[in-house]
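Notes follow the structure.
Quick note: the coordinates plus some simple rules give every number you see, no bench work behind them. Everything numeric in this text was worked out from a predicted model, so none of it was measured. Note that each Cβ is placed from the backbone with ideal geometry, even for glycine, and that neighbours are counted across all protein chains shown.
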């Protein structure tokens, strides 16, 4: 599950980075777009940022190099990511290689094949690092959670808080450089291989489920956009009502199915009812994800975009949330109820007025 959440985090970071160009007004002298609040967004194959940014900076590309100071958070997704300037807020980065050489005023969260924290760097908050190889030479003033195949530490490395480490090796001087409580789990290479193999099927299922969800939603949006938009409006307007409707419809369908099953002549109707219910439940999550994605997009980017963009965001977010034990299952059930109820409300309005 942890691997799925890490992948989802990386995908979420990259997704927001790829959406960056639609978020603001372009500056003629750079590849960045700016919002009225001072946030900047950019997406190019190669991006080298030398100008200071007042607010947040969101980047996507093959090579991202930030040499200037960032007034708030830095979010970057791509191939090679180099953070050479100081970041006042948090740093969230996902790439093949992530190297931090500046200071971080908040938390550092990095996912990559290789993750580096240079000797001149200080992270004021916590550090959450995942990579094939993680190299630490700077200072972390908060706690740290590290998951790596190989961990390397330099002579200037210092962790002021607690450490949670999962790796195939433990540097000999690690405990001397950790002021808090170290919780170290050292894997044997064979254990790693077995663990990766056991996770493979579940991880493949997670990817396949996410891709299926994206495909279903995008097909519905492009082919039946009016219907999907009406369902979205119904979810937004009747969230609580839709949830109760969905629960009531499931109870009613269960009772009706039992009656049809007892009556042998009703088996054909039972099969039709089961098919229609399965189809409705398949569609049910689409408008809810659309609403969630739209709300989050508008909060972050403060402008309007197309429906498929909202759905991409919502689908990725819910895919990550679904992986959280217990909470994910509860959220999934609630989403189904709301979407299923919205379909029922839409059909009721359509039967009465010809349109919702």
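Just the number: Rg to Rh for segment 278-353, Cα atoms, Kirkwood Rh, two decimals.
Values: Rg = 13.7 Å, Rh = 13.3 Å.
In segment 278-353, Rg relative to Rh is 1.04.
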Note: residue 149 to residue 254 extended length (0.36 nm per residue) minus current alpha-carbon separation gives 32.9 nm
With a Förster distance of 41 angstrom and the Cβ-Cβ distance between residue 332 and residue 69, calculated FRET efficiency to the nearest 0.05 equals 0.45
Rg (one decimal) and Dmax (whole number) from the Cα set of segment 51-180, in Å, equal 13.6, 42
To the nearest 0.05, the calculated FRET efficiency linking residue 173 and residue 305 through their beta-carbon distance, R0 being 56 Å, is 0.65
At 10 °C in a medium of viscosity 1.306 mPa s, segment 213-356 has a Stokes-Einstein diffusion coefficient, with Rh taken as the Kirkwood radius over alpha carbon pairs, in µm² per second, of 99 µm²/s
